[in-house]
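Below you'll find the structure, written out as structure tokens, and then a few comments.
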Amino acid sequence: MNFNDILQKLIANLGPWFWVHGTKIIFILIGAYIVRYLAHVLIDKVIRKAVVTNNFLSPQAEKKREDTLIGVFEGTFKVVIWLGAILMIIAELGVNIGPVLAGAGVIGLAIGFGAQYIIRDFFTGLFIILENQYRVGDVVCIGDTCGTVEGINLRMTVLRDVDGAVHHIPNGEIKVATNKTKDYARVNLVVGVAYDTDLDKVEKIINQVGQTLANDAQWKDRIIKAPEFIRVNNFGASSVDIKISGEVKPQEQWGVLGELRKRIKIAFDQQGIEIPFPQRVIRRVK
């Protein structure tokens, strides 16, 4: 028997099977893809409409919350859809899926006894999402790890820190999560001035710098409340420490704080106000 005879026999045997079962498998895959796409569109529209608008949140914050919920629901539906498609394809291949499902149930039960940590991760992740503790794009600190939330699902949270390192944190391990960019943020700055400085003059200059910054076209959309003189914060070893504070939009505190430092330094130099550095007096005993 030559190669052509083998090929013809193979086609003769596979042809009927393909037209009966192969076409069904193709339709199952196409159907799964279509259902996946429709689920994506439906989930997006439903979540966008279902999420209740919070007057205290900016449109950007609302979008972060919606995107986080959409990502979680889409991921769950994708697993369900493709799992169902795989089971249907296995059935078309002639495999009895009854024992497979029963075996999967037994295996799942056995795994369940040893999967307490995974279950804890899922429940913690569910509450994080439902309570809107943080969203994709927020800057958070989880324990000693701080960074931007790049992803969140029912099992883990993914953070990228300022060095670009990515941290995968199981949700069940999260005890305290600090969200630095929810609703609004504060700029807090402590500046030291010499003891012989006129503090009323310092207060006037600081408030003027803060107001000018808040009215600047480049910065006004980022600032909610202009930075201002709050109080004399401390009597230091070589300076009187002044507390300055203001409110800004989420994720803008670092840029505004840097610009505020720059402008205060320039204003102090122009007005002859010294920002002292630590000094030590040494006495020589004769």
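The values are calculated or read from the model by the stated rules, or taken from the named source; none is laboratory data. What you see is a predicted model; the values in this text were computed from it and never measured. Glycine also receives a Cβ, built like all others from the backbone with ideal geometry; neighbour counts cover every protein chain displayed.
A compact table of results
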{"quantity": "Residue in segment 40-74 that is modelled with the highest pLDDT, counting only those that are in a helix (DSSP H, G or I) and among the polar types (S, T, N, Q)", "calculated": "68"}
{"quantity": "Meets criteria (over 21 Å from the mean Cα position of the chain (by Cα), hydrophobic (A, V, I, L, M, F, W, C), surrounded by fewer than 17 Cβ atoms within 10 Å (Cβ to Cβ) and at pLDDT 75 or above) for residue 119", "calculated": "yes"}
{"quantity": "Single unsatisfied condition, residue 140 versus (1) of a type in the set (A, V, I, L, M); (2) under 24 Å from residue 75 (Cα atoms); (3) out of contact with any Cys (no Cβ under 8 Å at 6 or more places or on another chain)", "calculated": "(3)"}
{"quantity": "Selection within segment 163-179 - assigned to a loop (DSSP other than H, G, I, E, B) and surrounded by fewer than 17 Cβ atoms within 10 Å (Cβ to Cβ)", "calculated": "163, 164, 165, 175, 176"}
{"quantity": "For residue 255: the one exception among (1) assigned to a helix (DSSP H, G or I); (2) within 16 Å of residue 208 (Cα to Cα); (3) touching a Lys or Arg at 6+ places or on another chain (Cβ under 8 Å)", "calculated": "(2)"}
{"quantity": "Qualifying residue in segment 198-221 (condition: on the phi > 0 side of the Ramachandran plot and touching a residue at least 12 places away in the same chain (Cβ under 8 Å))", "calculated": "no"}
{"quantity": "Scan of segment 234-251 for residues that are surrounded by fewer than 19 Cβ atoms within 10 Å (Cβ to Cβ) and either of a type in the set (A, V, I, L, M, F, W, C) or under 34 Å from the mean Cα position of the chain (by Cα) (or both), ordered by number", "calculated": "235, 237, 243, 245, 247, 249, 251"}
{"quantity": "Yes/no for residue 231 being under 39 Å from the mean Cα position of the chain (by Cα), charged (D, E, K, R), surrounded by fewer than 14 Cβ atoms within 10 Å (Cβ to Cβ) and over 30 Å from residue 63 (Cα atoms)", "calculated": "yes"}
{"quantity": "Residue in segment 176-187 that is over 21 Å from residue 249 (Cα atoms) and touching a residue at least 40 places away in the same chain (Cβ under 8 Å) present", "calculated": "no"}
{"quantity": "From the options 160, 155, residue that is surrounded by 14 or more Cβ atoms within 10 Å (Cβ to Cβ) and either under 30 Å from residue 214 (Cβ atoms) or under 11 Å from the mean Cα position of the chain (by Cα) (or both)", "calculated": "160"}
{"quantity": "Contacts under 7 angstrom Cβ, first residue in segment 111-131 being in a helix (DSSP H, G or I) and hydroxyl-bearing (Ser, Thr, Tyr), partner at pLDDT 75 or above and surrounded by 10 or more Cβ atoms within 10 Å (Cβ to Cβ), 6 or more apart", "calculated": "117/172; 124/171; 124/172; 124/174"}
{"quantity": "Residue under evaluation residue 77, criteria (1) modelled with pLDDT under 65; (2) surrounded by 13 or more Cβ atoms within 10 Å (Cβ to Cβ), criterion not met", "calculated": "(1)"}
{"quantity": "Odd one out for residue 184, checked against (1) aromatic (Phe, Trp, Tyr); (2) more than 26 Å from residue 138 (Cα to Cα); (3) in contact with a Lys or Arg (Cβ under 7 Å, 6 or more places away or on another chain)", "calculated": "(2)"}
{"quantity": "Lone unmet requirement of (1) within 26 Å of the chain's Cα centre (by Cα); (2) modelled with pLDDT under 95; (3) among the charged types (D, E, K, R) for residue 269", "calculated": "(1)"}
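A quick yes/no check of all residues on (1) among the aliphatic types (A, V, I, L, M); (2) farther than 25 Å from residue 181 by Cβ:
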position	(1), (2)
204	no, yes
208	no, yes
214	yes, no
225	no, no
231	no, yes
235	no, yes
246	no, no
259	no, no
269	no, yes
